[in-house]
Structures are given as C-alpha cells and as structure tokens.
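Remarks on the structure that follows.
The values are calculated or read from the model by the stated rules, or taken from the named source; none is laboratory data. Being a predicted model, the structure only gives us computed values, none of them experimental. FYI the Cβ positions are ideal-geometry reconstructions off the backbone, even for glycines, and counts take in every protein chain you see. Note: areas computed on protein heavy atoms with side chains; ligands, DNA, RNA excluded. Shrake-Rupley method; radii C 1.70, N 1.55, O 1.52, S 1.80 Å.
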Amino acid sequence: MDTVLLSRLQFAATAAFHFIFVPLTLGLSILVAYMETKYVRTGDKDYLRMAKFWGRLFVINFALGVVTGITMEFQFGMNWAEYSRYVGDIFGSPLAIEATVAFFLESTFLGVWIFGWNKISPKLHALSIWLVALATNLSALWILIANGWMQHPVGYVINNNRAEMVDFWAVVTNAYGLLKFAHTVLSGWVVAGFFVLGISAYHLLNKNETEFFKKCLKIGAIFALVSSILVAAVGDFHAKEVAHTQPTKLAAMESLWNTTTNAPMYLLLIPDPENEKNSVEAIGIPSMLSILAGKKEIKGLKEFSPSERPPVTLTFVSFRLMVGLGFLFILLTLLVLIKFRYIENSTIFLKLLLWSIPLPYIAGQLGWIVAEVGRQPWIVYGLLKTTDAVSKAVEPSQVLASLIGFTVFYGALGIIDIYLLAKYARKGPEPKEV
Amino acid sequence: MEFQIIWFILWGLLWAVYFALDGFDFGAGILYPFIAKDEMDKKAVIHAIGPVWNGNEVWLITAGGATFAAFPTTYAYMFSYLYTPLLIILFALILRGVAVEFRPKAVTDTQKKLWDIGIFLGSLIPSLLFGVAFGNIFMGLKFDDSGYYGTLFSLLNPYGLLVGLLFLFTFIVHGGLWISLKVQDTLAEKAMARAKKFWYLQAICAVLFLILTAVFTNLYDNFLKLPFWFAVPALAVTCLLVTGFYIMKNKRGRAFISSALFIISLVFSGVIGLYPNLIPSSIDSKYSLTLFNSSSSPYTLKIMTIVIIIFVPIVLFYQAWTYKTFMYKITEKELKEEGY
C-alpha cells in the first residue's frame, strides 16, 4: 500500500473517530446551558439535577473530543505536508482563529464550569456553560469555513506555486462553508436531542424518576424536532450549492451518468459504475432532481473523465441513507410529542427511542462520507489532487505503523468512553435533596 | 516592523506561554505517583491541575495553528520530518488528557493503577521529547531540498537529550511548586522537597546547556553580533537562581512565578539564537526554513495579526481570571464532594 492510500485511511479513521465526540458536544452544551438557566431563573432543583446529570455525560464526551482534535491538527503537517504548504496561506488562518477565538474559550470555561460550582455565583456559573456552548459551536464555524474552502476555493490567487489569500472576507463568507456549518451544527443538535431522548427513554422503561425524565424527554424531543427540520431545510440549500459548485459530487450523489434536463429522481436506483450506468432505475419522480438541485440541466458523470470522478456507489448510498435517516428523525420526534402524555406506558416506542441513539451519529458520518469521498479525486476541489498532497518525507511504513497505533489506541478509548457514558447514564441523576 | 518578524516573535511567545503553563501540569503529572500515596493525596494532585490543564493545552494547539497560518512551509516540513517523535508526543498527550479526566471515575484498583501510569507517562514523555525536539531544532535538522535524512534515533543525540532533560527537570520543579501552592500540609511539603531536589539537577543541566550550545549549535552567533541580546539568557540565568533562592526560603508563589519567567526567557533565548531561522538545515544554511522563505503572504499575516491583537489579550484576561478564581488551597471537604 502506498503513502496516499494509508494517509487517507488514517485521516478518515481519525476524523470519523473525532466526529463521534464532537456532534454531541455541539448540542448537549446548549441543552445543559438551558437547563441550568432554568434552574437559576426558577430555583427548581430538578433543573439543577438535570444540568448536573447531562453535564457529566457532556464532560466525559468532551475530553475525548479535545484530545482527538489535536490529532487532526497535527495530521495536516505530518501526513499532508504538500497540502499544508500549498494551502497554508489560506487554510491555516481559520484553524488558528478557531484555536484563538473559540477553543480557548471552550476549554477554559468548561474548567470553570466543572470546578466552579461552589466558587462562583450561580449566574456566573450558568454563564460559563453558555460560553462553552457558544465556543463549541463557534469552533465548528471556523473549522467548516476551512473545510468549505477545500470544497469550493474562493478569494485566492495562485502565486509562488501555492494558493495565496487575496480576500479574507470572501473566504469567511463562502456560502459553501456557511451552509456546511449550518447543516453540520444542526445535525450535531439532532445527535444531542436523540441522546437525551434515548437515555430518558431508558429510565422511563425502568420506571426510574418518571417525572424527571419525562421533563428531559420533552426538552430533548422539542430540540431534536426543531433541529431535524432545520437540518433538512438547510440540507436542501446545501444540495443546491453543491449542484452549483461541485457538479461531479452531485452527479455521484444521484448516480446520474448522462447530462439531463428536467432530471427525474428515482426512488429505487442501483448504480453500476463499471458500465457507466445504473442497473436499476425505477419509480421516477419527474423533474424532481432538477427542482431539488435548483438547476434545469444537471451534468452527468460522463461529462468528466473517469479519473476526475469520485467513487460513485459509496457517495450515492451514503447520501440516500443520510437523507432517509433525516426524515426518520422528524417522524420519530413528532411521534414522541404526539404520544407524550402516556409515553411512559408504550414500552416498544421507548425501546425504539433507546435504540435510536446511534442513528443520528450514523447519519453524521454518512454526511461526511458524501462530503469528503464525493470530493475525490480532489483534496481542494479543482485545484489540488489528493495524490499530490501527501508528505514526501514520510515512508509508507511510518504511516502504516501510526495507522495501526491509532486503530488500537482509539479502539480502546472508544470502548472506555462508551463504558463510562453507559455507566453514568444508567446511574441517573443525584438523589433529591442531598 | 514587518509582519513576518512580528509573527516570528509571536511564534516564540506562543511556545513560551505553552511551556510555562502546560509545563507545570506535566511536572505535576510526573511527580504524582511519587508524592501521592493515598487516595486523598491522589485526588488532590489531580484536582490541582484539573481546572486548568485543558486551557493550558490549547496554547499548544494555538502554537501549531499559528505556525500553520503564518509559516505554512515550516509547519509542513517540521511536522512531516518529525513524524515519529510528534506521533509519540501526540499519543502521550491523548493518554494524559484522558487519564486526568477519567481517573476520578475509576472504580477498581486496576483501573486506578492504569490511569495513574497514564498520567505519569503522558506527562513524562512530552516533557522529554519536546526538549529533544527543540534541542535538535537548535542544532539544525538534516535536510536539503530533496528531503530529510534523520530518524528518531538520530534525534536522540547527546545534545538533544540534554535539552530534553533540561525541559524535564524544569517542568518537574515547576510542577512541584504548583502542587505545593494548591494542596495542604504533608503533601505540599513533599512536593516542595522534590522541587528542591530537582532544582539542582535543573541547574546542572542549564549550565551544561549554556556550554554545549556553543559547541553543538550556532545560536550564539546572533548574540555575538548584537551583544545586548545577551540580556535575555542573562535574565534566564537570573530567574533560575531566583527560583532556587525562593525555594530555599520556602516562598512558593514567588518561586513559581520566577520559574515561569525562567521558562519564557529560556525559550526566547533559543528563539533569538535561531533568528532568522525557524528550522535550520544542518546540511547547508541555504536550505534552512526562515521566517522570510517559509511565511504566508503579507496579506494573510496582516489579517492574522489583527485577529491575534484583538483576541490574545482577551484570552489572557479570562485565563488570568480563572487562575485567580482557582487560586486557593484545595480542602479535604471539597475532595470528598467532588463528583466529576
């Protein structure tokens, strides 16, 4: 195996692992902040217990988000030196700004929140978790501005054999990055909503603190419902942007081979990339793809040479599954709210909610596959190929060794994390009136 | 002043602040298994760094990010040339972070023991290896325009190891002083005793460093050209002596502050000696990565300067506030109710 493939595998593995922890923190920080604010406002001790219970799960998760984040930063230089050299003038800025503007705020005030219960006033304490929530989401903004630039480079010139920034504002307001930010952050909120729903459902199943967890269930359901509707809405805009800027990705997402006007969308479709066609195309909705993409004429994959097409099947399947899951989330959360009054009695539905916890995580990972696999063979769309981006000074054996190291190490950490989350989730909140 | 020079200074400053801050929680992590004998002691030491280690480590991420943004070519080559040592540092940092957060949640003795080892190794390895890395950067790395010729073992040369030990002992002293400020009674005395012992080792390494730097590196050239810069290493020496003095006098707060100033002036001594290089080539200086040939465009540097000038003071302000808020002696009562 060569350095490119190994480095790609390593980046995919470490990014996917990092993204197990990040999405939950995006939404759960907001929910904890909301609960604590409710407590400060009303003095209702239940909300305090809530903030502490969900906050503890947040903290367990946060630690791994941080440490796996350092890996991401290091890897750009370690494995993708030519990429870093080529785009550092532009790509480095949002990363540095993320650390300076958001990450300090997040880490510092999480420390204050964890250890500050008896050291600062309740109002200041609630403020610190709001700052954590703000900073977490702000972090995502800068990272996705950086990623958005890789997807749709703007505000640069090629000079000195690298991309140089000429318009910072264009980089920051890149529609691709901002839509991706909104789509990703909202999907993280869905993850958090379902996390709260699932764990609350578990306790309702066990008839543990029914009143307390019904309150949690309601908060989680409303948050997840609003977020999942917004994710879908933003996703629609995002797809239009993709159609506009990344025609190969869109064609792969829909497995569209020939350029088509008023392109239909097939509900049942099986791609056959080897023969540059689809082996099954059935139940077409006329013009639907063109309407969703916001363009009358959609370019097919055959317009591009095979060396410039992304892997079609993986992109296509990931996209379909992600969208399908997205609709399922809206449906499930609506059902929770409809059945809310007697929900503690519907065992099957509660079990379903418990087992739904991983689904938004999966949807998020699938979304990243669409975004990153769908961009291939480019690392910076239209500018720099992935094969030209790897470190020249690094041997395949080094990457192989580190890949094995990451797999073993991350695997162990993942197991420990799930064990701890499950343990503290099961334990439930602190007993009343300690 | 040119933006490149501003960023060179900032580059040094970010590393200096990083070592001055994360240095003490590394030191605390190294001393931890030796001075904390019972469960209460262990909880106390972890609690001593718990509220701040995370915020401290962000300085590393910022130093990395700033290198990426301001000196992308240096970033690219430094990280890929030093692949293996950085990977080891990375694994150690991950291990330590997780261990500090999860140790308080361990139930069985085996789990506790494993996290204890994690805290120790995760603090020891980066302390030593950061020193080794900087020692080798001072000497220059073996690279030309076709690539890098060193290995992990070529980095472990006598000078690199000496700087590694200097970092290690410095952080141990720094960490010992921090613990002595944060915990009570016997535990604080134990930490103080270790700080005293390791101060001697630190001083010996510092003297050897001053001498051998002349033998193995070109760092002194810049100082000989403009002798007033000798003020910075002289300040480092003074801070080290003052640290020792306050340790003997048992003035812990003052000793800690002068220890931090020692770290900052030590890093700046190296940075001044390196100028205009970020990573010198030991093969031929024409291949060296300098702040002029490896920087971002003036436009990017200008934008980044504006961002940094606005936000770094804000960060310093709220981090200082955090330190003030948590600047108290940890009580036993507090450790008992600690639920996180």
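Worth a mention:
- Cα→Cβ-extended label distance, 7 Å offset, between B:Ser285 and B:Thr331, nm: 6.1
- Residues along the range A:160-185 losing 10 Å² or more of accessible surface when the other protein chains are present rather than the chain by itself (probe 1.4 Å): A:Arg162, A:Glu164, A:Met165, A:Val166, A:Phe168
- Modelled label reach - B:Lys112, point 7 Å along Cα→Cβ, the range B:19-63 residues with backbone N closer than 19 Å: B:29-50
- Loop-located trypsin sites (Lys or Arg not before Pro) in the range A:79-169 whose Cβ has at most 14 other Cβ within 10 Å (DSSP): A:Lys119
- With the whole protein complex present, A:Phe409 retains an accessible surface near 40 Å², based on a 1.4 Å probe.
- Summed over qualifying helices (DSSP H, 4 residues or more, each -39500 (n - 2.57)) and divided by its residue number, chain B shows a 222 nm mean residue ellipticity of -27000 deg cm²/dmol.
- Value of D in µm² per second that Stokes-Einstein yields for the range A:52-188, Kirkwood Rh from Cα pairs, at 4 °C (1.567 mPa s): 79
- Here B:Lys43 is the anchor, and the aspartates and glutamates within straight C-alpha reach of less than 16 Å, apart from those fewer than 8 places off in the same chain, are B:Asp25, B:Glu101, B:Asp109, B:Asp116, B:Asp185, B:Glu332, B:Glu334, B:Glu337, B:Glu338.
- Of the solvent-accessible surface of chain B, computed with a 1.4 Å probe over protein heavy atoms with every protein chain present, carbon and sulfur atoms account for 71 percent.
- Here the protein assembly as shown is treated as a sphere whose radius is the Kirkwood value from Cα pairs; by Stokes-Einstein at 10 °C and 1.306 mPa s it diffuses with a coefficient of 58 µm²/s.
- Unsatisfied cross-links (Cα-Cα over 24 Å) in the set A:Lys385/B:Lys302; A:Lys119/B:Lys197; A:Lys423/B:Lys112: A:Lys385/B:Lys302; A:Lys119/B:Lys197
- A straight chain from A:Arg341 to A:Phe327 at 0.36 nm per residue would run longer than the Cα-Cα distance by 2.7 nm.
- Sites A:Asn275 and A:Asp2 - FRET efficiency at Förster radius 30 Å, r taken between beta-carbons, to 0.05: 0.60
- Chain-alone versus full-assembly comparison, the range B:67-95, residues with accessible loss of at least 40 Å² (1.4 Å probe): B:Phe68, B:Pro72, B:Tyr75, B:Ala76, B:Tyr77, B:Phe79, B:Ser80, B:Tyr83, B:Leu87, B:Leu90, B:Phe91, B:Ile94
- Carbon plus sulfur fraction of accessible area for chain A, probe 1.4 Å, in percent: 67
- FRET E, pair A:Lys296, A:Asp236, Förster distance 25 Å, beta-carbon r, rounded to 0.05: 0.90
- Share of pairwise Cα separations in chain A, more than 33 Å, in percent: 39
- For chain A: relative contact order, % (alpha-carbon pairs under 8 angstrom, 6 or more apart): 21
- Ignoring aspartates and glutamates fewer than eight residues from B:Lys142 along the same chain, the ones with Cα atoms less than 15 angstrom from its Cα are B:Asp284.
- Nitroxide proxy distance, nm - points 7 Å out along Cα→Cβ at B:Asn222 and A:Asn262: 7.0
- Put a plus charge on the Cβ of each Lys and Arg, a minus charge on the Cβ of each Asp and Glu, and nothing anywhere else: the dipole of chain A about its Cα centre is then about 1420 debye.
- Among the listed pairs A:Lys123/A:Lys351; A:Lys45/A:Lys339; B:Lys113/B:Lys329; A:Lys295/A:Lys351, those beyond 31 Å (Cα-Cα): A:Lys123/A:Lys351; A:Lys295/A:Lys351
- Applying a length cut-off of 15 Å (Cα extent along the axis) and a mean Kyte-Doolittle floor of -0.5 to the DSSP H helices of chain B leaves B:3-35, B:39-49, B:53-70, B:83-102, B:109-139, B:158-182, B:185-216, B:231-249, B:252-274, B:298-325.
- For the options A:Ile70, A:Ile357, A:Ile379, a Gaussian network treatment of chain A with springs between C-alpha atoms closer than 10 Å singles out A:Ile70 as fluctuating the most.
- On association of chains A and B, roughly 6000 Å² of accessible area becomes buried (total for both chains; probe 1.4 Å).
- Where only DSSP H runs of four or more residues are counted, chain A gives -24500 deg cm²/dmol as its mean residue ellipticity at 222 nm, each run worth -39500 (n - 2.57).
- Accessible area per residue for the range B:2-337, computed on protein heavy atoms with a 1.4 Å probe, is 38 Å².
- Extension gain (nm, one decimal) between A:Asp44 and A:Glu211, 0.36 nm per residue minus Cα-Cα: 58.8 nm
- Qualifying GluC sites (Glu not before Pro) for the range A:249-278 [loop in DSSP, other Cβ within 10 Å: at most 16]: A:Glu276
- Share of alpha-carbon pairs per 5 Å distance bin for the range B:116-162, given as whole %: 5, 20, 25, 18, 14, 10, 5, 2, 1
- Tail beyond 26 Å, pair distance distribution of the range B:2-337 (Cα, percent): 49
- Separation of alpha-carbon centers, the range B:13-53 and the range A:97-154, rounded to whole Å: 23
- Sequence-distant aspartates and glutamates (8 or more away, or on other chains) whose Cα lies within less than 14 Å of B:Lys249: B:Glu189
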